[in-house]
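Scroll down for the structure; my scribbles are underneath it.
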Amino acid sequence: MIQPQQVIIADDHPLFRQALLDTLKVQLTQTQWVEAQTIDELEHQLVTHQEADLLLLDLNIPGAHGFNTLIHVRNHYPQIPVVVVSAYEDHDTISKAMEYGAAGFVPKSTPVNTILDAIQKVLLGDVWLPNSFQASNNGEQDGDIAERVASLTQQQYRILMMFAQGLLNKQIAYELNVSEATIKAHATAIFRKLNVRNRTQAVIAIGQLDITDNSFTE
């Protein structure tokens, strides 16, 4: 069995995260587990642990905004394979996750032993998908906006996510410890890259990469 040195797990549900960790630690005894519960924490862990062997990513951790985080991670940390671990398990969500660069997709309803198998397969360089998933070739309508999101710098992406949270330029400047003029300059660059005119259009644009509520399964 492959023993990865470091694995980042980004999930804000403490019960699921702890149950998963408790089980995986029994098998992966040499692995250092790095946890993140929000997008800010995930970004910090990615910067700190760029040598990580794997990222287990919940698409819905606070601030994630659907597939945007997956796209951002794959663009800025291409050396870290990403396995999406999600409560969403419909065909469209799985298909888009793989299209946007995931190395595997594991529904949260999957038995933990199967999750371990998925991790092992991805660490070997393969792709892992649920047995029920059937690949199809339909739909690249979100490809353009995905490429535009991927073109953003890390700082631009962080500011865009703050736009999506409804923060004002002044609030963002305070959070990032920069001037309001700097935020406005970043905003102009973001709008240009996304091919929009203002922050409202920018938020609507990235909304195309959200996960629809009707794809949720208990």
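The values are calculated or read from the model by the stated rules, or taken from the named source; none is laboratory data. What you are looking at is a predicted structure, and each value in this text was computed from that prediction instead of being measured. We place every Cβ from the backbone using ideal geometry, glycine too, and count neighbours over all the protein chains shown. Remember, those area values only see protein heavy atoms, side chains included, never the ligands or the DNA or RNA. Shrake-Rupley method; radii C 1.70, N 1.55, O 1.52, S 1.80 Å.
What's the tally of Lys pairs in the chain whose alpha-carbon atoms lie under 29 angstrom apart, where the two lysines are 8 or more places apart or on different chains?
Taking the chain as the scope, the lysine pair count is 9.
Rounded to the nearest percent, how much of the accessible area of the chain (1.4 Å probe, protein heavy atoms only) is carbon and sulfur?
Carbon with sulfur: 48 percent of the solvent-accessible area.
From the phi angles alone, apply the Karplus equation (6.51, -1.76, 1.60; θ = phi - 60°) to region 107-115 and give each ³J(HN,Hα) in whole Hz, x where the residue is Gly or Pro.
Couplings: x, 5, 7, 5, x, 4, 4, 6, 4 Hz.
Between D22, D58, D12, find the one with the highest GNM mean-square fluctuation for the chain; connect C-alpha pairs within less than 10 Å.
Checking each option, the largest mean-square fluctuation is seen for D22.
Compute the angle between helix 180-194 and the longest alpha-carbon principal axis of the chain, please, reported from 0 to 90 degrees and rounded to the nearest 10.
That works out to roughly 70 degrees.
Determine the per residue accessible area of the chain with all protein chains present and a 1.4 angstrom probe, expressed in square angstrom.
On a per-residue basis, the chain sits at 50 Å².
Could you tell me the accessible area of V47 in Å² (1.4 Å probe, neighbours in place), rounded to the nearest ten?
The value for V47 is about 80 Å².
State the antiparallel share, in %, of DSSP beta bridges confined to the chain, rounding to the nearest 5.
About 5 percent, rounded to the nearest 5.
Can you give the relative contact order of the chain as a percent, counting alpha carbon pairs under 8 Å and 6+ residues apart?
19 percent
By how many nm would the segment from M1 to T188 lengthen if fully extended, with 0.36 nm per residue of separation less the alpha-carbon distance?
On the way: separation 187, 0.36 × 187 = 67.32 nm, distance 4.91 nm.
Length difference between fully extended and current span is 62.4 nm.
Can you give the helix-only mean residue ellipticity at 222 nm for the chain, where every DSSP H stretch with n ≥ 4 adds -39500 (n - 2.57) and the sum goes over all residues, rounded to the nearest 500 deg cm²/dmol?
-14500 deg cm²/dmol
Of M161, M1, M98, which has the most accessible area and how do the rest follow, probe 1.4 Å? Intermediate values should be presented prior to the final figure.
Values: M161 5, M1 130, M98 40 Å².
Putting M161, M1, M98 in descending order of accessible area: M1, M98, M161.
Would you please classify the overall shape of region 60-170 from the alpha carbon gyration tensor, given that a ≥ b ≥ c denote the square roots of the eigenvalues, rounded means a/c under 1.5, and beyond that prolate means a/b larger than b/c while oblate covers the rest?
Prolate shape, in that a/c is at least 1.5 and a/b is the bigger ratio.
Within a Cβ distance under 11 Å of Q5, other residues only, what is the Lys/Arg minus Asp/Glu net charge?
Values: positive: none; negative: E51, D53.
Surrounding charge for Q5 is -2.
Given contacts defined as C-alpha pairs under 8 Å and at least six residues apart, what's the relative contact order of region 1-126, whole-number percent?
Across region 1-126, relative contact order equals 24 percent.
Net charge near I80: determine it from the other residues with C-beta under 13 Å of the C-beta of I80, scoring Lys and Arg +1 and Asp and Glu -1.
For residues surrounding I80, the net value is -2.
Separation of region 1-26 and region 144-161 by C-alpha centroid, Å?
First find each Cα centre; the distance between them is then 28 Å.
Between beta-carbons, use under 10 Å as the cut-off and find the net charge around T69, counting Lys and Arg +1, Asp and Glu -1.
Details: positive: R74; negative: E43, D58.
With Lys, Arg at +1 and Asp, Glu at -1, the neighbours total -1.
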